[in-house]
Amino acid sequence: MALSIKVTADDKFGNSATFNTAYVRVGQVNSTKYSASATVTTYTQAPTTENSLPSVISIKNYNFIPTMTNTNFINQAYLYLKTLPDFIGATDC
């Protein structure tokens, strides 16, 4: 599972670039029954082969409260991301 979203990113020189189909992937979730932290990487586009990933735009951590009725914490992380303003309009891919 992953998300696709339009992202505009700035480099350290102040230049902007827009990626219409940026690829967002939850790489890891650390969780207790009270809190969870997801490491989320955004790439310039979806990978073209299974072993190659495009350039990284960002790596961020997001914290959420997991539900114990659904113990698939990675799926819960994707559902949580879709509730955030930065991920409005994101689609499953």
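The values are calculated or read from the model by the stated rules, or taken from the named source; none is laboratory data. Since the model is a prediction, treat every value here as computed from it, not as a measurement. Here the Cβ positions follow ideal geometry from the backbone for every residue, glycine too, while neighbour counts run over all protein chains shown.
Here are the numbers for this structure:
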quantity	calculated
Qualifying residues in segment 41-91 (those that are within 11 Å of the chain's Cα centre (by Cα) and charged (D, E, K, R)) - the one nearest to PHE19 (Cα to Cα)	ASP86
Those residues of segment 18-70 which are closer than 16 Å to LEU81 by Cα, among the polar types (S, T, N, Q) and touching a strand residue (DSSP E or B) at 6+ places or on another chain (Cβ under 6 Å), in sequence order	GLN28, ASN30, SER37, THR39, THR41, THR42, SER58, ASN61, ASN63
Residue match in segment 79-87 (condition: touching a Ser or Thr at 6+ places or on another chain (Cβ under 9 Å), modelled with pLDDT of 95 or more and of a type in the set (A, V, I, L, M, F, W, C))	no
Test for THR67: is it surrounded by 11 or more Cβ atoms within 10 Å (Cβ to Cβ) and within 16 Å of ASP92 (Cα to Cα)	no
